[in-house]
Amino acid sequence: MSRQKPIRVRSVWISDVHLGFKGCQAESLLDFLHSVETEYLFLVGDIVDFWSIKKTPYWPQSHTNVIRSILGKAKHNTKVIYIPGNHDEQMRDCLGHRFGNLEIHRDYMHNTADGKKLLVMHGDEFDVIIKHSRLLAKLGSWAYEKLLSLNHIVNKFRKLFNLSYWSLAAFLKYKVKNAVSYISSFEDALAHFAEERGADGVVCGHIHHAEIREIDNLLYCNDGDWVESCTAMFEHADGKLELVHWIEEQELQAQAQTLATTDASGDSKLPDREAA
């Protein structure tokens, strides 16, 4: 359900897509990619889930279409910066390589239109579990997969009552005290590392929690994921940063199209994002 008029922004950040994993919401991501035009597209890790593919091979056509859409943007003058994460760490063997407009980096310093320096990285380097216990990390990944399966069942029932998408996984994660403490420590560590690198802020993924906030005068940005929340981050032409919750955007667009169809005057429509 792509918009007739694309959203034009300077930069887009997405991460934790997990192509090859059954929980990946590839159709929503395709709608997003078809709806956006951008100068820079940052892929901030875990784009392909090699952990899941190795365990249970899964690759529907929609996952191929996501790859094609990204490469299509690179072909049409979007600069694509790919920063591999822990689930696609095999791609770190290609660090420094360029394939046309697609570049692969360990991290990347991005200059915004209003002069801010943002360090872009996946963030798994600051995950103590990933760093010190790979077995525990994979056990956690398995538990998370089971929770997402339950999440899928919950949302099937919600659809029966015309209720919007709701993430059980996210709800439980932020209700558990240890998880909240872990997220806070992770965010603080990345913000302080960005300061050491001379940046004004950091953009990351990894923990599937979209957020923009200041930490000790450093800007911390997490663009979320395409498994639970379907979120991304925009940089507008003036350098302003914005988190986008795409499922909510889809629902608003569907409502607007329904109103436009039933409104004989044709005046019912959503305001352009640039004017918002």
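The values are calculated or read from the model by the stated rules, or taken from the named source; none is laboratory data. Model, not experiment: these values are computed from the prediction. Don't worry about glycine lacking a Cβ; one is built from the backbone with ideal geometry, like all the others, and counts go over all protein chains shown. When the accessible area is computed, the model is the full protein with side chains, heavy atoms only, and any ligands, DNA or RNA have been set aside. Shrake-Rupley method; radii C 1.70, N 1.55, O 1.52, S 1.80 Å.
Among residues of segment 212-229 being in contact (Cβ under 8 Å) with a residue 24 or more places away in the chain and of a type in the set (S, T, N, Q), the one that is least open to solvent (accessible area, probe 1.4 Å) is Asn222.
In segment 106-116, the residue that is least open to solvent (accessible area, probe 1.4 Å) out of those that are within 19 Å of the chain's Cα centre (by Cα), farther than 10 Å from Phe42 by Cβ and of a type outside the set (Lys, Arg) is Thr112.
Listed here are the residues, each with its yes/no results for (1) outside any helix (DSSP H, G or I); (2) surrounded by fewer than 19 Cβ atoms within 10 Å (Cβ to Cβ); (3) over 15 Å from the mean Cα position of the chain (by Cα).
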| residue | (1), (2), (3) |
| --- | --- |
| Asp16 | yes, no, no |
| Phe32 | no, no, no |
| Tyr58 | yes, yes, yes |
| Gly85 | yes, no, no |
| Glu103 | yes, yes, yes |
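Inclusion of Ile53 among residues that are assigned to a helix (DSSP H, G or I), over 20 Å from Trp246 (Cβ atoms) and open to solvent by 10 Å² or more (accessible area, probe 1.4 Å) is warranted. State which residue is modelled with the lowest pLDDT when the search covers only segment 160-211 and only residues that are open to solvent by 50 Å² or more (accessible area, probe 1.4 Å) and within 18 Å of Ile83 (Cα to Cα). Per the criteria, the residue is Phe193. Taken over segment 60-78, the residue count meeting the criterion of being part of a loop (DSSP other than H, G, I, E, B), without any contact (Cβ under 8 Å) to a residue 12 or more places away in the chain and either among the small types (Gly, Ala, Ser) or farther than 20 Å from Ile104 by Cβ (or both) is 0. Here the condition is being assigned to a loop (DSSP other than H, G, I, E, B) and at pLDDT below 95; of Leu270, Leu259, Leu252, it holds for Leu270 alone.
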